[in-house]
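Encoded as structure tokens, the structure appears first; notes follow it.
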């Protein structure tokens, strides 16, 4: 054993940088933060594997679609009708896996 | 783009196999893929079981882009500090026709789609199907996001993956329940080949697949470690409501798995080269939608045909088979000039008479059992404690006897006989 392993040191930013995303200018997922303000569970924040849902100081949720795996976890765990409008990115854009 | 006999949406294993069968039967078939190349959107938990390839591409092993042949298959129970492993190995699985292989899906799926193309299917990538074209209650094609992107076809085969918006639009799913899905998250970790060979006890192109119960930081699900040629796949499969209900994020669950004393020596020093995530339709028969409507069939993950039954974790083979049977059915319906839901009824008959639905029916009780709280949180601990005490030498105290150990550990875990009996019966019925 060599003491601390690589995983304990890598930042989330560096982790996400290992995956290729070809970002289209149009967001394929839109989150209506107004619906989120009175949500007490906020399951998206813990469940999104790309950590794209960030709580804001004023009780809303900030969302960025750019490093999305297109997995579908967020709309499945979300219990607020209308909070997440989910679709796939334009053809040819979005996540590009290589060694998965 | 108009006027195909069949349009297949999604160039994963289901779609490419469907397109191959149809092209060989002389049908005009368009294979639409939203990624820049087939497989670019796909990840999985590690192993392709290739018997269906024998039927479609005999001696496929000469050119398949594989990583390793699985010659060691382990099932591991993890507690916080212990591990119990059942380890099977045979050299026979390292020789043709091979029982299973690891492969990068962007390589494997791409290869399979090129085969369909070579057989005459038209493959169009970078094209997202955004909806169905309907004529009354009949599906007559798909709308894509290309300019003039409507594609008409006599039959649509939706192989558009676990989220299948086409199957949902067609009304084939009832209410979608998050509890039927798990999130798979994976790290691809690079290590030199000789290091992998040494740590996993294999040589040449032999490989190992370790499937794990426990090791998911208390979230119902499972974990895995498997060998590629010069990388490892290390990941967790997490039941969505259980993941959402606690505060540990997916990457932290992988980190804890990699720090476990049974896993750390395998992955130590490896460099993360790719992080990925994907949903898995995990509930088996309970979540399989209607498989056909007028002018349309559903196959692969889009039809929730993934098998997650504890000791069996399969999906690519179910996708390939369902795609092939969907294609045979579509061809038959075109021949009979009846692509209505009754004209397409042969699809379910084909799945019913083969492993696709037979395995799902036989194992219909297993996915819920495997993801149940007792199997997830009690049995690994009790089993590990029993095994630890079996092998621990407590001299000068005499050996306690197995019956006493089991009784004491069962009590310590607060497990009732009737629960044990019920789960044992569910297991016997479920796997029988």
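General remarks:
- Euclidean distance between Cα centres, the range B:157-183 to the range A:18-87, Å: 20 Å
- Summarising the label geometry, the points placed 7 Å from Cα in the beta-carbon direction at residue B:80 and residue B:417 lie 3.1 nm from one another.
- Packing-based exposure ordering (other Cβ within 10 Å, fewest first) of B:49, B:181: B:49, B:181
- Averaged over the residues of peptide B:275-284, the number of Cβ atoms from other protein chains lying within 10 Å of each residue's Cβ is 5.
- Using a Förster distance of 35 Å, the FRET efficiency for residue B:397-residue B:195 (Cβ separation, nearest 0.05): 0.25
- Counting Cβ atoms of other protein chains within 10 Å of each residue's Cβ and taking the mean over peptide B:238-245 gives 5.
- Pairwise Cα distances in the range B:15-143 exceed 24 Å in 45 percent of cases.
- P(r) tail for the range B:132-173: Cα pairs beyond 17 Å make up 28% of the total.
- Computed from the C-beta positions of residue B:345 and residue B:143 and an R0 of 25 Å, the FRET efficiency is 0.40 to the nearest 0.05.
- Computed over the range B:179-281, the convex hull of the alpha-carbon atoms projects to a mean area of 6.2 nm².
- The rule of thumb for compact globular proteins, 2.2 N^0.38 Å, goes into the C-alpha radius of gyration of the range B:254-354 1.53 times.
- Measuring r between the beta carbons of residue B:352 and residue B:90 and using R0 = 41 Å, the FRET efficiency lands at 0.80.
- Normalised by residue count, the range B:6-50 yields a Cα convex hull volume of 72 Å³ per residue.
- Zero-based 5 Å bins, Cα pair distances in the range B:90-153, whole percents: 4, 13, 14, 13, 16, 13, 7, 7, 6, 4, 2, 0
- If the segment from residue B:150 to residue B:377 were pulled out straight at 0.36 nm per residue, it would be longer than the present Cα-Cα gap by 76.7 nm.
- Convex hull projection area averaged over all views, the range B:336-405, Cα basis, nm²: 7.8 nm²
- Remark: spin-label model distance residue B:387-residue B:175 equals 4.0 nm, labels positioned 7 Å along the Cα→Cβ axis.
- Nitroxide proxy distance, nm - points 7 Å out along Cα→Cβ at residue B:259 and residue B:62: 5.1 nm
- Proxy reagent accessibility, fewest Cβ within 10 Å first, across B:152, B:231: B:152, B:231
- For chain A: relative contact order, % (alpha-carbon pairs under 8 angstrom, 6 or more apart): 38 percent
- Calculated diffusion of the range B:194-233, Stokes-Einstein form, Kirkwood radius summed over Cα pairs, 4 °C and 1.567 mPa s, µm²/s: 116 µm²/s
- Percentage relative contact order, the range B:90-145, counting C-alpha pairs under 8 Å, at least six apart: 19 percent
- Among B:199-210, B:312-323, the order from most to least packed when residues are scored by Cβ within 10 Å on average: B:312-323, B:199-210
- Cα radius of gyration and Dmax for the range B:372-431 (Å): 13.1, 43
- Estimated D of the protein assembly as shown in µm² per second, where Rh is the Kirkwood radius over Cα pairs and Stokes-Einstein applies at 37 °C, 0.692 mPa s: 137 µm²/s
- Calculated diffusion of the range A:25-91, Stokes-Einstein form, Kirkwood radius summed over Cα pairs, 37 °C and 0.692 mPa s, µm²/s: 273 µm²/s
- Partner shielding of B:258-268 amounts to 2, given as the average count of beta-carbon atoms from other chains within 10 Å of each residue beta-carbon.
- Extension gain, residue B:337 to residue B:407: 0.36 nm times the residue separation minus the Cα-Cα distance gives 18.6 nm.
- Cβ-based exposure ranking for B:419, B:278, in which fewest neighbours within 10 Å come first: B:419, B:278
- Each 20 Å bin, from zero up to the one with the longest distance, holds this percent of the alpha carbon pairs of chain B: 25, 53, 19, 2, 0.
- Nearest-ten-degree value, helix B:402-412 long axis tilted from longest Cα axis of chain B: 80 degrees
Each value in this text was obtained by applying a stated rule to the coordinates, not by laboratory testing. Computed from a predicted model, the values in this text were never measured in an experiment. Every residue, glycine among them, receives a Cβ derived from its backbone with ideal geometry; neighbour counts consider all protein chains shown.
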